[in-house]
Structure formats: structure tokens, C-alpha cells
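Just below is one structure, and these are the notes that go with it.
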Amino acid sequence: MVMKYYKSFLLVTCLGLLIQTSFLDAQNETSAGVEVPKVGLQQVEKKLDQIIDKLDDSQKTLKEVAGEVRNVEAPEAPAVVAADSASAPAEQATVKTLQLNINYVWIVLCGALVFNMQAGFAMVELGFARAKNSINIVMKNFLDFCISTIAFLFVGCGLMFGTSWKGLVGTDSFWLSHFPSDSDMWVFWFFQVVFAGTACTIVSGAMAERTKFVGYLVYAAVLAGVIYPVCGHWVWGRFGGPFGLGTEGSKGWLEALGYIDFAGSSVVHSVGGACALAGIMVIGPRVGRFAKDGTPRLIAGHNIPLAALGTFILWFGWFGFNAGSTLVASGAIGRIAVNTAVAPAAAAIAAMISMWFVQGRPDVGITLNGCLGGAVGVTACCANITPASAFVVGIVAGLLTTFATIGIERIGLDDAVGAVPVHLVNGWWGILSVAFFNEKGFDPRQLGVQALGVFSITVAAFVVCYVVFRCVHAFIGLRASDQEQQDGLDFSEHSSNAYPDFHTSEQP
């Protein structure tokens with residue numbers, strides 16, 4: 001096409017030059033005084049006619065070229081556009097698949113961080129307890145996760161994420177073997193089972209140094225298999241739907257009201273704290289914890305640096321606990337992690353200073369527990385508050401930890417590690433903070449829903465667990481005898497000694 005157009009252009013140019021030459025010759029002859037004969041003029045006219053005819057032919061040729069360009073060459077551009085349009089969905093599908101795979105890695109990684117919190121709980125309880133009970137504490141913290149895993153697999157997962165019955169309990173998804181090996185359900189299940197283990201192990205610390213091993217394991221199975229899943233269904237029941245559990249959109253009754261607990265201030269910590277309160281009420285205080293007139297006596301832990309290490313491990317795991325609850329690797333995890341750093345830091349400082357004023361010196365135990373209380377307090381609201389609000393949440397959590405610890409002691413309850421102030425009291429505070437500090441503004445109705453929800457969860461967990469502990473105490477045995485406590489549960493329950501080179505018993 002281009003060559004044809006180029007030849008026509010040359011033809012027109014040559015004709016033009018011919019015309020110009022003819023007229024110049026005629027002009028020169030006239031200038032020289034030579035009369036131009038008529039025959040010469042006729043020849044010029046004839047040449048002009050020929051030129052006009054050729055110009056007409058050239059114009060036709062140009063029209064043909066333009067038509068062929070429109071009919072043949074123009075469609076090539078839409079073909080490129082069509083190719084781009086066809087590749088766009090494929091690129092979008094690739095990006096979506098990549099994002100899903102990143103989400104799965106993120107969830108499993110955060111689940112591993114939460115699993116590591118089991119070690120943190122064990123270290124805190126070990127540090128705050130006496131050396132003669134170390135093996136018993138390790139065994140309880142180790143076995144309660146093992147039992148929680150099995151109970152949640154066969155019973156708890158279905159109760160929590162199965163198709164809802166009147167918003168109260170799940171009714172299916174008890175058998176998971178029909179899911180293929182690459183199903184995203186397994187990712188979701190792994191993240192949820194470590195939460196169940198966390199709720200279970202909270203009670204161990206509160207009841208430390210006087211709880212029989214077998215009786216505690218019975219409690220662990222009931223909490224992970226029934227109590228925690230049912231309370232969790234009320235708040236998070238629909239979350240299993242996108243992963244193939246239950247029916248998508250099947251909400252628990254609290255979630256249907258608009259109740260918000262982002263990462264578990266009530267579902268995990270208030271449940272664990274309420275069960276801890278029920279446990280210490282049923283089992284009673286340790287031998288020697290209170291004088292005959294009710295005056296509290298200090299029972300010092302054997303390894304405070306170990307407790308501090310456990311607190312660091314728990315705080316580290318909390319970044320997975322809160323940020324992982326997005327279930328998506330997105331930009332939202334950044335501020336959640338910041339809030340999870342700010343609130344515990346502020347709470348630790350507030351708890352230390354407040355106890356400093358009370359007893360005239362900074363107390364390490366209250367400082368460590370203040371940090372954990374701040375983490376519990378920000379757990380429910382970490383996704384919908386600013387870091388400045390997280391600072392306030394932490395300050396209040398630290399003060400609550402201090403004064404709740406003092407109050408529980410004064411009414412004669414023996415919480416060996418401070419689990420009730422940290423998890424129950426600050427679980428309440430965290431739930432209410434969702435409404436108080438919401439970055440979108442305060443909503444009185446939301447505050448009412450939050451209060452109703454945390455009250456319902458606490459009462460349900462406390463009542464059921466109180467009955468369980470009473471039954472275990474009556475039929476199996478829950479409290480170790482005074483002699484067993486004096487000898488140490490390592491000896492009476494496990495016939496062993498965590499520190500064989502040292503004298504750990506109170507007996508001579």
C-alpha cells in the first residue's frame with residue numbers, strides 16, 4: 001500500500017514539473033520576441049488535458065489507497081486492544097491468587113505466634129509460683145493445649161462455627177475429614193485452635209499450687225470443647241462461612257445485635273477470666289496464703305526473671321493475636337500492631353506508678369501484669385481506635401490491674417498469678433472501650449450492646465465453669481490436701497523434682 005501511494009505521488013510531482021517547464025519555455029520565447037505559433041499553444045493545451053486526465057487517475061488511486069487502509073489496516077488496532085482485554089482477567093486472577101496465598105501464610109504465621117504464647121503463660125506461672133510446683137505447672141500448661149486441640153477438633157469447632165441454631169450454638173461441621181488437603185479451612189482452623197488453647201490456659205495460673213492434675217485436665221476438655229466454642233459462636237459464628245464451615249452469614253445472637261470483639265477481649269480473655277474466678281472460688285486459697293483473721297500473706301514466686309521472660313513472650317505473641325485476627329494480609333495490620341505496642345507499654349507504666357504510691361516502691365509483679373492487662377484491654381478495640389486512644393486504654397488498664405489485684409486479695413480470694421484482674425477485669429474494659437474510643441465517634445447504643453454482650457458471656461462462662469469445678473471436686477477431686485501442698489505438687493502428683501540439686505520443699 002505504501003509503495004503504491006509513493007508511485008502516485010511521484011507521478012503527480014513529475015507532471016507538475018512538466019507543466020512548469022512548458023510554461024517557462026513559452027515565456028522565454030515570448031520574451032525573445034519570437035511569436036508563438038498557434039500550433040505550439042495547441043500542443044500545450046493538449047499536454048494540459050493529458051495532465052488533468054492523469055491527475056484524475058491519481059486521485060482515484062489515492063481514494064483506493066485510503067479505502068484499503070480503512071478496510072485492512074484499521075482493524076489491526078482493535079485486535080491489540082482485544083488482546084489486552086483478554087489478558088486483563090488473567091492478570092487479575094493471578095493477583096487474586098497471590099493475595100490469597102499471602103493471606104494464608106500470614107494467618108499461619110500469626111497462629112504460630114499465638115501458639116508460642118503457651119510458653120509465655122507457662123513461664124509467667126512458673127516464675128510467680130514456688131519451685132516445688134514447677135513440674136506440675138509445666139505439665140498443666142503443656143497438656144491443656146494438647147487436650148484443647150483434640151476437643152476443639154472433634155466438638156468445639158462445630159459448636160463454634162457450624163450452622164447457627166437460633167444464634168446460640170453451631171450444629172454441624174463436626175467432622176472435617178471431607179475437606180481437601182489444600183482447603184483454606186485448615187488455615188482458619190489452625191488459627192482458631194490456638195485461641196482455644198489460650199482461653200484454657202488462663203485458668204491454670206489462677207489455680208496454681210493447689211489443683212490436682214487429673215481434675216484440671218477434665219476442666220480443660222470441657223472449656224475447649226464446649227464453654228469457649230459456645231461463647232465464641234455468639235460473637236464470631238459466621239466467620240467460618242467463607243472457609244467452608246457452617247453456612248455463610250450464619251450469625252450468633254450477639255453479632256446480630258452489632259456486638260464487636262475484634263480479637264477476643266471477651267471471647268478469649270473474659271471467658272478464661274470468668275472460669276478462673278469460678279475455679280479459685282471453688283478450690284479455695286493455698287495453705288498459708290491468709291492468716292486466721294484473713295490478713296493476706298505474701299507467697300513469693302521463685303523466679304521473677306522467668307516471669308519477666310514469659311511476659312515478653314506473651315507480648316510478642318500478642319502481635320499475632322491481634323494483627324492476625326484480620327485474617328487478611330493488608331495495610332490494616334500496621335496500626336493494629338502499633339496499638340498492641342502502645343497499650344501494654346502505657347499500662348505497665350501506669351500499674352507500676354499506681355502501686356508505687358500504694359506501697360511505697362515499684363512492684364515487679366504488678367508491672368508485668370499491668371503490661372498484660374493493657375494487651376487484654378486493647379484486644380477488642382485494636383482495629384477501630386487510634387494510637388492516642390490506645391494510650392488511654394492502656395493507662396486505664398494498668399490502674400484497673402493494680403486496684404483489682406488489691407481488691408481480690410482483700411475479699412479473701414487467692415489468684416496466684418493475677419489472672420482475674422488481667423483477663424476478666426481488663427476483658428470487660430476492652431469491650432467497653434470499643435464504644436468509648438471508636439474513631440468514628442461514640443455511640444450510646446453500641447455501648448449498651450457491648451455491656452450486654454460482655455455481661456452475658458461472663459455470666460455464662462462463670463456459671464457453667466463453676467458447676468464443672470463443683471462436679472470435678474465432688475467426683476474426681478480438685479484440691480490437693482494441705483500435706484500435698486506443703487510437700488509440693490511435683491512430689492505428690494508427679495513423684496519428681498524440677499530442681500534435684502536444690503531443696504525445694506518447705507519440709508526440713
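Observations, loosely collected:
- Cα-Cα pairs of segment 94-494 separated by more than 36 Å (percent): 19
- Among Tyr104, Tyr228, the ranking by other beta carbons within 10 Å of each residue's beta carbon, starting with the fewest, stands as Tyr104, Tyr228.
- By other beta-carbon atoms within 10 Å, ranking Asp487, Asp261, Asp415 with the fewest at the front produces Asp487, Asp415, Asp261.
- Inter-label distance, nm, simple model (7 Å from Cα along the C-beta direction), Arg297/Ala112: 4.7
- Residue exposure proxy: Arg286, Arg410, Arg361, ordered by other Cβ atoms within 10 angstrom of their Cβ from fewest to most, comes out as Arg361, Arg410, Arg286.
- Computed extension gain for Arg445 through Lys96, at 0.36 nm per residue and net of the alpha carbon distance, reaches 121.9 nm.
- Net length available on complete extension from Ile150 to Ala388 is 81.6 nm, with 0.36 nm assigned per residue and the Cα-Cα distance removed.
- Segment 146-205: C-alpha gyration tensor shape, a/c 1.5 cut-off, then a/b vs b/c: oblate
- Size descriptor for segment 211-280, Kirkwood hydrodynamic radius: 13.3 Å (Cα pairs only, one decimal).
- Sequence ranges 190-201, 155-166, ranked by mean other-Cβ count within 10 angstrom, highest first: 190-201, 155-166
- Nearest-0.05 FRET efficiency for Phe142 and Ser495, computed from C-beta distance (R0 25 Å): 0.90
- Estimated dipole of segment 94-494 in Debye, rounded to 20 [Cβ of Lys and Arg +1, of Asp and Glu -1, Cα centre]: 400
Values in this text are rule-based calculations from the coordinates and carry no lab data. This is a predicted model, so every value here is computed, not measured. Note that each Cβ is placed from the backbone with ideal geometry, even for glycine, and that neighbours are counted across all protein chains shown.
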